[in-house]
1. Could you work out which residue, out of A:GLY97, A:GLY31, A:GLY51, moves most in a Gaussian network model of chain A, that is, has the largest mean-square fluctuation with Cα springs under 10 Å?
2. As an exercise, use a Förster radius of 56 Å and the Cβ-Cβ distance of B:ALA340 and A:GLU60 to find the FRET efficiency, rounded to the nearest 0.05.
3. Using amide H atoms built in the peptide plane, which far-off residues or other-chain residues are under 5 Å from B:SER165 H to H?
4. Taking only the Cα atoms of segment B:120-254, how large is their convex hull per residue, in Å³?
5. Taking neighbour counts of Cβ atoms within 10 Å as a proxy for exposure, in what order, fewest first, do B:LYS278, B:LYS17, B:LYS293 appear?
6. Note down the net charge around B:ASP303, summing +1 for each Lys or Arg and -1 for each Asp or Glu among other residues with Cβ under 11 Å from its Cβ.
7. Based on the alpha-carbon gyration tensor of segment B:219-314 and its eigenvalue square roots a ≥ b ≥ c, which shape applies: rounded if a/c is under 1.5, prolate if not and a/b is larger than b/c, or oblate?
8. Could you run the Karplus curve 6.51 cos²θ - 1.76 cosθ + 1.60 with θ = phi - 60° over segment B:142-156 and give me ³J(HN,Hα) per residue in whole Hz, x for Gly and Pro?
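We did not get these values from a lab; they are worked out from the coordinates using the rules stated. Not measured: the values here are computed from a predicted model. Neighbour counts run over all protein chains shown; Cβ positions are idealised from the backbone, glycine included.
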Amino acid sequence: MHELSLATAVVDACVERAAGARVLRVRLEIGQLAAVLPDSLRFCFGICAQGTVVEGAELEILETQGRAICEACGGTIALSSPFGRCACGGVLRVVAGDELRVKDMEIA
Amino acid sequence: MCATCGCGSDGVTIDGKTVHAAPGHDHALAPGHAHSHDQSARPPDHEHEREHVNAHDHGHDHAHEHDHGHDHPHEHGHEHHNSHAHDNDNAHAHDHAHDASHARNHGHAHDHGHDHAHAHADAQAVHGRTVSLEQDILAGNQLLAERNRGWFAGRDVFAVNLMSSPGAGKTSILERTIRDLRGRDIPISVLEGDQATSADAERIRATGAAAVQINTGTGCHLDAHMVAHGVAQLALAPGSILLIENVGNLVCPALFDLGEEARVVVTSVTEGDDKPLKYPHMFRTADMLLINKLDLLPHVRFDVERCIDHARQVNPQLQVLLLSAETGEGMPAWYDWLTAQRALVMSPA
């Protein structure tokens, strides 16, 4: 349910930058490892946007894949959960997939 | 709950009192001032032909913000430079007759005869200006967390964020910690986060330590703003340990930095030993794992080694202590860790 907090933060950021213009579309970048449910975020976004210039805006969520580098062998591995071990036994360092960003928005 | 500011109408209270919005903090920014277009305020000869917007549904929405004194210098956003961005090639000859002079006298009857009836209501059809934000969604919380962190550092306060599922024993650990450390001349204060009731703050106050209850209402986690308000109610002595007991929840609190110096996650032997794999985000961001209720271990099916192995799969650097807040077993090692960590943040005397 922290998606509600995140949606509020997204709407606040857009309202601030839109400076009164109507927001038509918002693009987010959400990593697969970021512990966020896109559907839940979408639902909360619709609610949080009500009564603001963001109301009715389309929400586009770009999901980024999880990726890690092995600290031991240097190999790159795709990850679907935020942990794991390399085939060589090495410890993995997540390098992509935990993004939680507002990329851009379109205003009227 | 609002991550930038837990304030206002969403039911957050500190010791029962509503958290007020800080001045200038207006994040409900002028609802509805986009495009209000109040029809009734418009002189009758002003015929915008609104129908053409609605009829063909390609969303170009006259961003005019005229403020109804009706002096609009007529620029009218309007933006449909005949390009229409239709992005399809089904050659529908829509011929915008579009009298470009636009009749400055507000006749404004630009006659737009384009009556393409296809529904190109996709994103491409939206006419707008792109504004790049490239901003972390949690940036607002992060900013406040860093402010808290600076505030703590300036006062030699060692702040710990304690997280667990409900019932793992956070409050019991705190009660015992405060009682057992009483002789050591270390001031300890507590921020208690719960959705409702001040029961936990009262339990802590009964130990003699200062405690402030933050009720998050419907919120499932503390955020940096709530902590700033809570700390303002505590007269924290320099060199204090501030124990922040988060809302019982193994998911949401993991994402919200409160400005703490250390994160401690508590699990107990009455839970599954696979908790770290089920809730990896929580265990991934922690510095210390306390496995509580060790006194119950003979009665439950809980594999301690397995639990630790799972936790270290998620977070190889994680430190682990086994203890029982009930019997006191294992607690001294926790106190040693706590006081050693506190010593690290103290400025040299």
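1. Residue with maximal mean-square fluctuation among A:GLY97, A:GLY31, A:GLY51: A:GLY51.
2. It comes to 0.70.
3. B:ASN249
4. Roughly 138 Å³ of hull volume per residue.
5. Result, fewest neighbours first: B:LYS17, B:LYS278, B:LYS293.
6. That sum, taken over residues with Cβ under 11 Å, equals -2.
7. prolate
8. Rounded to whole hertz, the list is 4, 4, 5, 5, 5, 5, 4, 4, x, 4, 5, 4, x, 10, 6.
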